[in-house]
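Visitor: Quick one: structure below, then a few questions.
FYI, it's all coordinate maths here, none of it is from the lab. In this text, all values refer to a predicted model and were calculated from it rather than measured experimentally. Cβ placement follows ideal geometry from the backbone for every residue including glycine, while neighbour counts extend to all protein chains displayed.
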């Protein structure tokens, strides 16, 4: 008994000491600190007295002495007070990132000299006594380019310059021999897509910096070597769309119907992902959404309407006009459950998509492949399986009506998008099929052109049409808008395409420029047939 009383007395004395110390100290328990502070709670003996131990040793409320110099940053030890000096803002960090990218291109431009048209123009300004700054000119040239694009385009060129210096060659001007040697000796040991990235950077220099790239610089052997390396890349694995069961699980989380997931944070997170799904939005679009407005009316069967947000920045904002315009993202407030997920979402909160699905009891093997881009792909995939045309899937006004009809069919289990093609619909689609058949009657009639002609003389045929019919364009200003732009024609279908970007690797419709396309020496007089995605103004 005496031993037990001694132990109790010691324990009570220790407890009183701890209470007294905590009431007069800034020390915090490990669970009260940030997760990044784990090393600070380890015993000092485990860390040692070396360099690493001195950095990680925790001292409550004691500021860590930062290194001297202009780049020094005031730090505060983990678990202490906030730093007195505020760090750089997010805008400043973005400016620094862009400045770093411009500096890379400034180095490249100085190495190339008059090889770049922008450098020649700056030199002319200097000779004329005008203000001349290459860095400022580069900033103007890159005004519409994202900082990430500038970085990604500069790195292959810098690596090419380093290779040329190593083999005792001047990087500029470019030549087919040096580029081919770079691809064969250097790119073969890099990632399979690096050679293609280098060629994109060459196009970037040619179209943006007005680089004097020789016409015969991109030879057939160079293009073939680049393609050979590119074929070694792994197959494209796109993110799968969410299943209807996963959508229902997210809706039940928002509505608070799953006991295991009922916190406001989890419910709001599920609502964010549902907004991505029903608004057909990217995760980044959802992050840039603002001024979320409810367009809801009360009907006999409850509220009906949409959620609309204004997106300040979107990945699809390519041209100058789109960059200065808000993008509307609209989502119906009803999903697959009986209650509105959107109405419940306005009251709740948010974090991770896959973690929510794991906790909701979804199939682990299916959830493991899901990413945030699955939200955007889901309803577009459903619409494709539903039979909606590609145009109506991307248009806002008519698509919302058919979108609600399709979602309603999934909710009432008349349409199963996760099933095989033969089991997607619970009932026959004879009516829809008849409607499509009636609309397409006569469309498959025989054409005037011979079907057994293996190698039609399309050039001669087009020349005859231009000489006989003369000028033709689908819209009045189409030809004027094409002045100075690169136009290609498909070898077989003869569709006319427009180059999308300065790199010259893709068309506006998204198709890759390949040997199946030939560049037109001049704008065709008879502008037909044309790609409707490359020329949307012709619709």
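Visitor: Could you put 242, 231 in order, starting from the residue whose Cβ has the fewest other Cβ atoms within 10 Å?
Guide: 231, 242
Visitor: How big is D, in µm² s⁻¹, for region 214-280 by Stokes-Einstein at 37 °C and 0.692 mPa s if Rh is the Kirkwood radius over C-alpha pairs? Each step should come with its number before you reach the end.
Guide: On the way: Rh = 15.9 Å.
My calculation gives 207 µm²/s for D.
Visitor: Can you compute the FRET efficiency between residue 483 and residue 339 using 1/(1 + (r/R0)^6), with r the Cβ-Cβ distance and R0 = 56 Å? Round to the nearest 0.05.
Guide: 0.50
Visitor: Next question, about the same structure. Quick check for you: which residues of region 134-149 have the amide N under 20 Å from the point 7 Å beyond the Cα of residue 283 toward its beta carbon?
Guide: Taking a point 7 Å out along Cα→Cβ of residue 283, the residues of region 134-149 whose backbone N falls under 20 Å are 148-149.
Visitor: Continuing with the same structure: Within 10 Å of each residue's Cβ, count the other Cβ atoms and sort 381, 197, 374 from fewest upward.
Guide: Exposure proxy ranking, most exposed first: 381, 197, 374.
Visitor: Gain in length, residue 359 to residue 215, computed as 0.36 nm per residue apart minus the alpha-carbon separation, to one decimal in nm?
Guide: Between residue 359 and residue 215, full extension yields an extra 45.9 nm.
Visitor: Arranged by the count of other C-beta atoms within 10 angstrom, fewest first, what order do 283, 275, 186 take?
Guide: Fewest to most other Cβ atoms nearby, the residues stand as 283, 186, 275.
Visitor: Turning to a different aspect of this structure: Between residue 532 and residue 294, what is the spin-label point distance in nm, taking each point 7 Å from the Cα along the Cα→C-beta axis?
Guide: In this crude label model, residue 532 to residue 294 measures out at 3.9 nm.
Visitor: I've got another one for you. Between residue 508 and residue 421, what's the calculated FRET efficiency when r is the beta-carbon distance and R0 is 25 Å? Round to 0.05.
Guide: With a Förster radius of 25 Å, E is 0.20.
Visitor: Only residues of region 182-218 count here: report those whose backbone N is under 17 Å from the spot 7 Å along Cα→Cβ of residue 114, or say none.
Guide: The answer is 210-214.
Visitor: Hey, with R₀ at 22 Å, roughly what FRET efficiency would residue 232 and residue 145 work out to, going by the Cβ-Cβ distance, to 0.05?
Guide: Calculated transfer efficiency: 0.15.
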